[in-house]
Amino acid sequence: MTTRELFARIIRCEAEGEGELGMKAVATVTMNRVHVAYGEYQRICQGDLRKVIQQMCQYSCYKTTIGGQPNPQNVWALPPEQIHYDIADWALGGSIVSVIGESLWYMNPFRPTCPNFFPYNGTGYWQTRINDHCFYNPTALYAQT
């Protein structure tokens, strides 16, 4: 599977229900992880999109099991459609959703409000919400990861 296809699959699996803007926002976060010049993503992934996607404990859609249970919503079960390739190409071409800022994380809190910090170790602070996903920029603490 090419890196482009893997990226399109992650976009579909992680954010298809969030609409086009939500999928672009997730693609922006993924590319932010590729381009960040410091911290865990730079140290482990070294600017490599495939390494970002495959990094452990980052994308639930990259797992075939979660908590010992089968995960039917994974990148192997959900082939991308043209819109997912289009969004992948859009992000690979350098386009971004500007309100995402430097966000490195997103999550669905399954409630109306976003927690102020995520991940919960204090490395990210709330930036914005798009549909069901909350987006988080890195704090100064992230540089130490």
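Every number in this text was worked out from the coordinates using simple rules, so none of it is lab data. Values in this document were obtained by computation on a predicted structure and should not be read as measured data. Quick reminder, even Gly has a Cβ in these numbers, built from the backbone with ideal geometry, and neighbours come from all protein chains shown.
Rounded to the nearest whole Hz, the Karplus-based 3J(HN,Hα) values (6.51 cos²θ - 1.76 cosθ + 1.60, θ = phi - 60°) of segment 97-102 follow the sequence 8, 4, 5, 6, x, 9, with x at glycine and proline. Label zone (H35, point 7 Å along Cα-to-C-beta; backbone nitrogen cut-off 15 Å) within segment 94-124: 94-105. For segment 1-105, GluC sites (Glu not before Pro) meeting the loop criterion (DSSP other than H, G, I, E, B) and having at most 11 other Cβ atoms within 10 Å: E81.
Among M23, M31, M107, M1, the order by Cβ neighbours within 10 angstrom, fewest to most, reads M1, M107, M31, M23. The magnitude of the dipole of the chain, with charges of +1 and -1 set on the Cβ of Lys/Arg and Asp/Glu and taken from the Cα centre, is near 340 debye.
Placing a label point 7 Å from the Cα of Q69 along the Cα-to-Cβ direction, the residues of segment 109-145 whose backbone N falls under 20 Å of that point are 109-111. Here's how it looks for G124: its modeled amide H is under 5 Å from those of F118, T139, which are all 5 or more places away or on a different chain.
Projecting the Cα atoms of W105, Y85, I53 onto the dipole axis of segment 52-139, where Lys and Arg carry +1 and Asp and Glu carry -1 at the beta carbon, places W105 farthest toward the positive end. Here is the list for segment 62-118: chymotrypsin sites (Phe, Trp or Tyr not before Pro) lying in DSSP coil, each with at most 10 other C-beta atoms within 10 angstrom of its C-beta, are F110. Computing FRET efficiency as 1/(1 + (r/R0)^6) for R111 and T145, where r is the C-beta to C-beta distance and R0 is 30 Å, gives about 0.65.
Principal axis extents of the Cα atoms in the chain, from largest to smallest and rounded to whole angstrom, are 37, 32, 32.
A helix-only calculation puts the chain at -10000 deg cm²/dmol for mean residue ellipticity at 222 nm, using -39500 (n - 2.57) for each DSSP H run of at least four residues, averaged over all residues.
Can you compute the FRET efficiency between Q55 and Q82 using 1/(1 + (r/R0)^6), with r the Cβ-Cβ distance and R0 = 22 Å? Round to the nearest 0.05. Don't skip to the answer; put the middle values down first.
Working: r = 27 Å, r/R0 = 1.23.
Once the sixth-power term is evaluated, E becomes 0.20.
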